[in-house]
Amino acid sequence: MSALLVRLQADLTTARKAQDKPRTLLLGTILADIKNRKIELRRDPTDEDVIEVLRKGIKRRRESIEAYDKGNRADLSAKERAEVTALEQYLPAQVGDDEIRAAVRAAIAAGAANIGAVMGKVMPQFKGRAEGGTINAIAREELAGRA
């Protein structure tokens, strides 16, 4: 079993014992998502699989934050922000923009001339350590600078 999954389950138990309802609900939801992923994969999830589920959960919550902000629901927006912060604790350290920029430049130098080719070469290098949106923005900046 993945070390990250064990940590999530232990934290859920701790939250239940402390009667921390919001954290219990959050971790329970994420563990249910991981269980669904396990069923899809037909094997025990690896740390990478768990990180992927966490990222999807964070992305979903960020989309909710945007919707709540547009609807002037600061209370719901704040709850989602707290959940994002709680889930980000379980992710590996993020990569800096400089490291991403260097990889994008290397991909362009190696002949990647459009956004799809650059993303195809760079994304696997940073899987689980950087968001696709960040990489995409840097890739577009670099490609625009070459034009």
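Excluding same-chain neighbours fewer than eight residues apart, the lysines reachable from LYS70 by a Cα-Cα span under 26 Å are LYS56, LYS59, LYS79.
The aspartates and glutamates within cross-link reach of LYS21, meaning a Cα-to-Cα straight distance under 13 Å and a gap of 8 or more places when in the same chain, are ASP11, GLU83.
For segment 3-88, a/c is not less than 1.5, where a ≥ b ≥ c are the root eigenvalues of the C-alpha gyration tensor, and a/b does not top b/c. That puts it in the oblate class.
Just so you know, all these numbers are worked out from the coordinates, no wet-lab data involved. Values in this document were obtained by computation on a predicted structure and should not be read as measured data.
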